[in-house]
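Written below as structure tokens is the structure these notes are about.
The values are calculated or read from the model by the stated rules, or taken from the named source; none is laboratory data. Keep in mind it's a predicted model, so treat the numbers as computed, not measured. Cβ placement follows ideal geometry from the backbone for every residue including glycine, while neighbour counts extend to all protein chains displayed. Keep in mind that these areas ignore ligands, DNA and RNA; they rest on the heavy atoms of the full protein, side chains included. Shrake-Rupley method; radii C 1.70, N 1.55, O 1.52, S 1.80 Å.
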Amino acid sequence: MSKKCTVRSLSDSALAELANLLVSTISYTQYAPDVQLDINIVMVELNEYLAQLGATPNIYQDLLRVILSSDYLDANMRFTCLQMLLNCGVTFLMTEVFPFSYYEKILQVIAAQGAGLRVLNIKGIWVKEEHMHYMYDIVRKCKQLVKLYVPYIANDRLLEEIGKCCTRLQILDISGETDITEIGIDLLAKGVCSQSLTVVDVGMPGEENICYSDIALILEHCPQVETLSTYSFVGASLKFIHDNVDDRFKCRLKYIHDTGTDEATLQVIMQTCPKLETLYLDSPKTGSLRALHTRHLRKLKIYKFAVAELLPLLERPIGRNLRHLTMIKGLGNLELGKLARLCPSLIDLDCYMIDSLSYAAGHAKFQQLEGLEILSSAILTSSLKAFLCSSTDLKRLAVDTVEFTDEDIMSMFMQHDFKVLEDVWFTLAPELTVQSVEILMDSCPELQSVGQLNGWSLTPDDLALIRGLLKSGNSSIRLQ
């Protein structure tokens with residue numbers, strides 16, 4: 001039997017009811033033809049009402065979250081609620097997306113009323129140069145900021161203000177196409193937050209819009225930084241420090257994304273990052289992987305590589321300790337049984353655009369695999385079927401194209417116990433009918449979603465019937 005839809009919690013219901021009350025009151029005040037009230041007075045009275053009810057800062061914060069993220073409220077209503085509910089007790093604010101005409105007003109409200117904010121995310125506000133002085137004001141006044149998300153708008157002056165005022169800042173997102181130069185990064189890296197920063201999102205994935213030597217300033221002067229998640233040339237930055245500043249340099253980086261990595265750069269990464277847990281190598285140079293020696297790596301993502309070069313690497317202790325492996329655009333055949341022998345602790349395995357995958361019944365199998373995704377990778381139906389039957393602890397399964405029939409689904413899922421499988425996604429399965437959907441629903445007690453059914457052999461009537469049955473049984477399964 002599939003899991004049932006959970007009952008909405010009392011706190012969520014009460015919060016939605018209160019938000020609806022506030023919104024309907026404001027709407028009546030602003031738009032009712034027979035009402036002539038000053039909206040500012042109404043907002044004061046609503047705040048007094050909330051205070052009388054004993055509203056805590058968390059309630060104001062949750063109301064803002066629910067209202068600002070609503071898809072059904074217009075920008076004016078969301079802004080009015082922001083203006084009314086933001087106060088010095090609110091510590092978390094995500095503005096969401098607004099039209100350009102509201103940018104200046106929103107920034108003014110945050111600067112005037114957001115002094116207590118510890119987390120500020122303005123990803124939906126694309127601040128232009130003429131409004132940047134409000135951002136400087138916000139940074140100066142919000143002295144408690146721990147997390148600040150300002151992608152695509154940062155410039156050197158903003159980094160200077162952050163470096164002067166944000167003594168507690170730990171996470172900073174200044175990613176995207178920006179006007180940042182070495183001057184701003186130097187002011188940030190040597191500012192008051194240099195000892196507290198742990199995450200800096202900077203630059204754009206795949207694009208070296210910020211020079212590696214500039215990023216080296218952050219690594220050199222911010223010793224607690226653990227990730228530069230959106231920067232794709234971290235290896236070059238580490239090598240710059242190693243070759244030009246300190247050949248014994250060590251850092252706390254746990255995640256690295258590097259592009260075009262050669263053997264010398266990978267050696268420097270291993271030497272300078274003893275705490276490295278996650279590594280993304282984009283188009284590594286031929287022969288460079290032999291420099292990868294670490295027992296601590298838990299996640300490896302690799303793009304444009306030769307399978308024959310990767311497998312010897314996984315025969316080392318690195319393979320036994322890996323928990324997550326993502327492979328993209330691999331040249332050659334990957335035998336999944338051999339991979340299971342080399343990486344027995346894998347939890348997630350993603351194979352994208354691998355030349356070919358193979359597996360035979362009786363070969364080694366993964367003991368802990370929970371997530372499997374195979375996209376644009378050639379694999380025989382018999383191999384895929386055998387591999388899935390050996391991986392019955394899967395929670396997530398996604399394959400873009402399968403040639404399974406209803407009989408295949410029956411033999412796999414009725415003869416093997418997929419007791420924890422939650423999500424099944426076959427993008428194109430032209431031989432699967434409504435019978436396969438019913439088998440999955442009946443044999444997988446934890447099933448939550450099945451898709452992509454427009455690529456299966458189901459009629460609109462089939463879908464309508466199943467959705468009706470699910471609704472009548474209060475099932476939580478989503479058909480996609």
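Here are some notes:
- No other residue among Ala75, Ala51 is under 30 Å from the mean Cα position of the chain (by Cα) and either without any contact (Cβ under 8 Å) to a residue 40 or more places away in the chain or open to solvent by less than 70 Å² (accessible area, probe 1.4 Å) (or both) apart from Ala75.
- When segment 180-198 is filtered for residues that are open to solvent by 30 Å² or more (accessible area, probe 1.4 Å) and among the β-branched types (Val, Ile, Thr), the ones remaining, listed by number, are Thr181, Ile183, Val192, Thr198.
- Residue check, Lys164 closer than 26 Å to Cys88 by Cβ, surrounded by 17 or more Cβ atoms within 10 Å (Cβ to Cβ), without any contact (Cβ under 8 Å) to a residue 60 or more places away in the chain and of a type in the set (Lys, Arg): no
Residues checked against (1) touching a residue at least 60 places away in the same chain (Cβ under 8 Å); (2) farther than 22 Å from Leu428 by Cβ; (3) assigned to a helix (DSSP H, G or I):
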position	(1), (2), (3)
Leu339	no, yes, yes
Ser345	no, yes, no
Leu357	no, no, no
Ala364	no, yes, no
Leu369	no, yes, no
Lys385	no, no, yes
Leu388	no, no, yes
Ala398	no, no, no
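- Residue match in segment 199-220 (condition: over 18 Å from Tyr255 (Cβ atoms), out of contact with any strand residue (DSSP E or B) (no Cβ under 8 Å at 6 or more places or on another chain) and open to solvent by less than 10 Å² (accessible area, probe 1.4 Å)): no
- Qualifying positions in segment 458-480 - more than 18 Å from Asp423 (Cβ to Cβ) and open to solvent by 60 Å² or more (accessible area, probe 1.4 Å): Thr459, Pro460, Asp461, Ala464, Leu465, Leu469, Lys471, Ser472, Asn474
- Segment 80-102: number of residues that are open to solvent by less than 20 Å² (accessible area, probe 1.4 Å) and either in contact (Cβ under 8 Å) with a residue 40 or more places away in the chain or not in a strand (DSSP E or B) (or both): 9
- Segment 336-362 - residue that is farther than 21 Å from Arg323 by Cβ and of a type outside the set (D, E, K, R) and, of those, surrounded by the fewest Cβ atoms within 10 Å (Cβ to Cβ): Gly362
- Complete set of residues in segment 272-319 that are assigned to a helix (DSSP H, G or I) and loosely packed, with under 15 Cβ neighbours inside 10 Å: Arg290, Ala308, Pro312, Pro317
- Flag for Asp406 being farther than 20 Å from Glu373 by Cβ, loosely packed, with under 14 Cβ neighbours inside 10 Å and of a type in the set (Asp, Glu): no
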